[in-house]
1. Can you tell me which of 262-269, 301-308 comes out highest on packing, and rank the rest after it, using the mean Cβ neighbours within 10 Å?
2. Give me the percent of DSSP beta bridges within the chain that run antiparallel, rounded to the nearest 5.
3. Explain nothing, just compute: Karplus ³J(HN,Hα) = 6.51 cos²θ - 1.76 cosθ + 1.60, θ = phi - 60°, for every residue of the stretch 92-98 in order, whole Hz, x for Gly and Pro.
4. If you line up the Cα atoms of the stretch 249-356 on their principal axes, what length do they span on each, largest first, in Å?
5. In square nanometres, what is the average projected area of the Cα convex hull of the stretch 54-135?
6. So for the stretch 1-105, Kirkwood radius off the Cα pairs, Stokes-Einstein at 20 °C and 1.002 mPa s: how many µm² s⁻¹?
7. GluC sites (Glu not before Pro) within the stretch 252-355: which are DSSP loop residues with at most 10 other Cβ atoms inside 10 Å?
8. Under a cut-off of 17 Å between alpha-carbon atoms, report the lysines in cross-link reach of Lys349, not counting same-chain residues fewer than 8 places apart.
Amino acid sequence: MKTIRLSSSRPSDVRRAAALLKRGRLVAFATETVYGLGADAHNARAVLNIFRAKKRPAFDPLIVHVANGRQFESAAAEVSPLARRLARRFWPGPLTLIIPKSERIPDVVTAGLSTVAVRMPAHPCARKLLAAFGGPIAAPSANRFGCTSPTEAADVSDDLDGRIDAILDGGVSPLGIESTIVWPTGGEIILLRQGAVPVEALAKVARVRIRAHRPGEVGANGRSLLHPGELPTHYAPRTPMAVIDGAFSSFERSLPEGPRYGLLLYKPRRSGSRFARTLTLSADGDLAEAASKLFRSIRDLDRMTLDWIFAELPPRRDLGAAIRDRLVKAAGGRTASEAAAGLRQGASKTKETSRR
Ligand code: TXA
Ligand code: MG
């Protein structure tokens with residue numbers, strides 16, 4: 001299959017993308033968070049193709065993107081006052097709400113759950129496509145399953161060229177990190193994924209307790225609720241990665257010479273010659289800027305033929321929480337001290353062998 005490139009600034013291209021969706025085809029498009037891989041949310045066969053194209057396991061449910069309140073209500077069996085309040089405050093924008101699912105949404109979209117994830121995106125590219133299509137669009141991030149999320153059309157091409165019908169180019173996704181996913185239920189808000197809406201912003205309007213989702217917690221219809229936080233590795237580059245846990249200077253000294261190391265800093269700091277390449281997320285430690293550059297920088301480092309990528313974690317506050325979550329998962333939970341210990345062991349073995 002040839003993947004055609006369309007531009008959201010050309011109305012005829014937007015119409016063409018919408019026509020493809022109507023025919024059950026797959027179209028990637030820009031949102032303010034990351035690029036999504038869309039299909040007609042009412043067409044089970046089209047949605048099934050999303051899983052195939054991404055190599056995504058069928059147990060991982062998708063987000064339904066809507067243009068307006070009417071489409072939101074139609075995807076939901078019921079909307080609680082709390083869900084409605086959150087939607088009113090944060091939509092259009094990077095918040096995804098988990099709500100009881102209506103029968104109009106096929107089971108493949110929600111992986112058999114009785115709830116559905118819904119989001120009303122703010123980005124003009126997504127909004128134009130939704131308007132031209134005239135219905136809800138199911139879309140996960142437009143990357144291969146488990147890999148780094150795409151923040152521009154070229155990233156989507158790298159992962160999915162030849163596997164999807166079109167990419168509607170809308171430029172760089174400005175926020176650069178996925179939506180926050182919450183499940184307003186039983187008078188509290190369960191946080192399923194940290195994201196572009198910080199918990200601090202949610203807390204200002206929530207008026208109820210916000211708590212983290214407990215791993216293995218049973219979700220709607222008695223099934224264990226799986227979400228991105230429960231997968232140990234996600235957003236991962238091909239190059240092995242680890243997050244810096246202890247003091248930077250002693251970590252740097254602990255690295256054996258030889259391998260090509262990459263360094264992903266949250267803000268500038270002095271570092272020695274151990275690192276072949278260094279990228280910095282924000283010159284003045286601005287968390288929004290850091291979030292917007294996160295996936296781009298991981299992808300760029302991944303292209304630099306490095307043996308290891310070490311990433312510095314930002315503070316936990318505000319968008320820092322979501323950035324930390326992505327970095328820890330991209331590293332598969334590996335810490336730099338574990339990685340360095342392994343590297344030193346490897347280095348001393350190599351020395352022994354060469355001495356013999
Ligand atoms: O910003 C975003 O959210 C982007 C853009 C494209 O909208 N989308 C995105 O989708 O990040 P995805 O599929 O990569 O991540 C959505 C996650 C899934 O991994 C899934 O586990 C969770 O949302 N999810 C979807 N439906 C759910 C449900 N009913 N209950 C719990 N989690 C759900
Ligand atoms: Mg994803």
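What follows draws every value from the coordinates through simple rules; no lab data is involved. Just so it is clear, the structure is predicted and the values come from calculations on it, not from any experiment. Every residue, glycine among them, receives a Cβ derived from its backbone with ideal geometry; neighbour counts consider all protein chains shown.
1. On the way: 262-269: 19.9, 301-308: 16.5.
With the highest mean Cβ count within 10 Å placed first, the list reads 262-269, 301-308.
2. On the way: 19 of 50 bridges.
If I count the DSSP bridges inside the chain, around 40 percent turn out antiparallel.
3. After applying 6.51 cos²θ - 1.76 cosθ + 1.60, I find x, x, x, 10, 10, 9, 8 Hz.
4. 53, 25, 23
5. 5.5
6. Working: Rh = 15.3 Å.
D, rounded to a whole number, is 140 µm²/s.
7. On the way: sites: Glu252, Glu257, Glu289, Glu312, Glu338, Glu352; in loops: Glu257, Glu312.
Counting only loop positions with at most 10 other Cβ atoms within 10 Å, the GluC sites (Glu not before Pro) in the stretch 252-355 are Glu257.
8. In chain and number order, there are no partners.
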